[in-house]
Amino acid sequence: MTRWWQDEHFKLGLRDMVSVAPGMAAWGLMTGVATANSGLSGIEVMLLTLLVYAGSSQLAALPLIAAGAPLWVVLVTAFCVNLRFVVFSAHLRNYMMDLPLGVRLFRGYATADLSYMLMIRRWPQAAADAAGRRAQRNFLAGTSLLGWLSWVGANLLGVAFSSSIPMNWGLGFAGTMALVGILCALTNNPLRVVSLLVAGAVAVATMALPLRLNILVSIAVAVAICLFLERWLPPAPSDEEGA
Amino acid sequence: MEGTDAWTLLAVALLTLNTVVTRSFFFISSKKWTLPAWARRSLVYAPIAALAAVVVPEVVMTQGQLVTTWQDARLFAVAAGASWYYLRKGLLGTLVCGMAVYLPLRLGLGW
């Protein structure tokens with residue numbers, strides 16, 4: 001049996017990730033700069049960089065940690081910013097359940113936005129047979145590995161050169177642009193476009209809510225409206241159904 | 001501000017745990033379960049909503065306020081990147097095209 005790193009799907013995953021890794025790296029670089037400039041000690045910066053592996057929740061938590069906010073505020077905020085992963089995990093369940101718990105947790109940890117999105121773009125549903133699911137997970141291993149390397153590598157570079165890279169270059173926007181590309185890739189159905197627009201508008205309108213609860217509210221409102229509209233607009237095709 | 005303290009280390013450890021738990025949330029338990037039909041339909045729309053709720057504010061808001069000027073490099077970058085995607089389909093092209101519009105506007109014109 002070929003090992004996972006020799007598998008063609010693993011290589012395919014690496015190749016797919018190459019097209020968005022520059023965005024992840026630029027975003028990682030600026031997150032590294034922001035982390036290094038946040039007033040944390042060197043050890044704290046290194047641990048945060050190497051372990052947390054979630055850029056947006058890292059950036060949301062940093063000012064709170066620096067300001068000495070209560071721990072539960074830091075955590076609930078980071079949880080809300082990461083809510084999209086909870087949604088993704090419901091979808092990923094069928095791809096993952098062949099694995100033992102420890103491996104599942106590790107694979108979950110390693111699956112950030114881009115690797116999840118790249119996989120469901122190729123395979124909206126988990127394969128019916130075990131060999132097919134293993135191939136899908138090998139693909140996910142390729143995207144996740146390259147994603148982790150470019151994120152953490154760039155993050156460390158950002159920490160190292162934090163004094164010579166000014167934040168106002170706005171390089172971090174490359175991360176947002178990578179996610180914009182993914183959003184475009186997901187808009188393959190009118191109701192998905194509605195979901196995007198409603199969630200975006202609600203997130204902006206409710207930004208003043210504490211603890212980034214605006215994200216929770218946006219998902220709930222967008223999904224409710226889409227389920228309601230399914231009566232009149234063509235629902236997203238059933239072969240795209242998660243879980 | 002320098003100096004490592006236990007409180008911050010605890011925060012970092014819990015943030016790491018938060019990453020593990022949120023990303024694995026629905027496949028931690030190996031108990032068999034089936035989603036009700038409405039929840040299965042929700043999963044068609046929830047991923048894009050969850051991503052949009054994070055991305056859209058990053059494009060149209062500054063410091064928690066909606067941008068009030070059209071002279072914002074981000075708006076043009078997203079328009080350019082999205083146009084590329086719908087014409088050519090490539091993710092890398094979307095990223096490069098968006099940044100090619102964003103950086104000159106931001107660094108050159110200060111938008």
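Under 9 Å between Cβ atoms, at least 6 apart or on separate chains: pull out the pairs that start in the range A:83-106 with a residue that is in contact (Cβ under 8 Å) with a residue 12 or more places away in the chain and farther than 15 Å from B:V21 by Cβ and end on any residue that is part of a helix (DSSP H, G or I) and hydroxyl-bearing (S, T, Y). Taking only residues 6 or more apart or on different chains, the pairs are A:H91/A:Y116.
Just one of the listed residues (A:A128, A:A141, A:A174, A:A178) is in a helix (DSSP H, G or I), hydrophobic (A, V, I, L, M, F, W, C) and more than 30 Å from B:P104 (Cα to Cα), and it is A:A141. For B:T16, state whether it is closer than 25 Å to A:L216 by Cβ and facing chain A (nearest Cβ under 7 Å). Criteria met by B:T16.
Against the conditions (1) of a type outside the set (V, I, T); (2) modelled with pLDDT of 90 or more; (3) part of a loop (DSSP other than H, G, I, E, B), B:L15 satisfies every one except (3). The requirement of being of a type outside the set (V, I, T), crowded, with 17+ Cβ neighbours inside 10 Å and more than 15 Å from the chain's Cα centre (by Cα) is fulfilled somewhere in the range A:203-210, by at least one residue.
Listed by first and then second residue, the pairs linking a residue in the range B:89-100 that is touching a residue at least 12 places away in the same chain (Cβ under 8 Å) to a residue that is not in a helix (DSSP H, G or I), with Cβ atoms under 7 Å apart and 6 or more places separating them unless they lie on different chains, are B:L95/A:V20. Entry remark, the range A:33-56: residues being free of Cβ contacts under 8 Å to residues at least 40 places away in the same chain, surrounded by fewer than 22 Cβ atoms within 10 Å (Cβ to Cβ) and assigned to a helix (DSSP H, G or I) number 5 in total.
How many residues, within the range B:23-71, are farther than 24 Å from A:T206 by Cα, assigned to a helix (DSSP H, G or I) and at the interface with chain A (Cβ under 7 Å from one of its Cβ atoms)? Result for the range B:23-71: 8. Residues that are crowded, with 23+ Cβ neighbours inside 10 Å and part of a helix (DSSP H, G or I) within the range A:1-24 comprise A:G13, A:M17, A:A21, A:G23, A:M24, listed in sequence order.
Per-residue answers, yes or no, for (1) of a type in the set (D, E, K, R); (2) within 29 Å of A:L227 (Cβ to Cβ); (3) surrounded by 16 or more Cβ atoms within 10 Å (Cβ to Cβ):
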position: B:P36; (1), (2), (3): no, yes, no
position: B:T62; (1), (2), (3): no, no, no
position: B:L66; (1), (2), (3): no, yes, no
position: B:W70; (1), (2), (3): no, no, no
position: B:C97; (1), (2), (3): no, no, yes
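Residues in the range B:95-111 that are facing chain A (nearest Cβ under 7 Å) and within 20 Å of the chain's Cα centre (by Cα) were compared, and the one that is farthest from B:G81 (Cα to Cα) is B:Y102.
The values are calculated or read from the model by the stated rules, or taken from the named source; none is laboratory data. Only a predicted model underlies this, so the values are computations on that prediction, with no experimental measurement involved. Cβ sites come from the backbone with ideal geometry, for glycine too, and all protein chains shown count toward neighbours.
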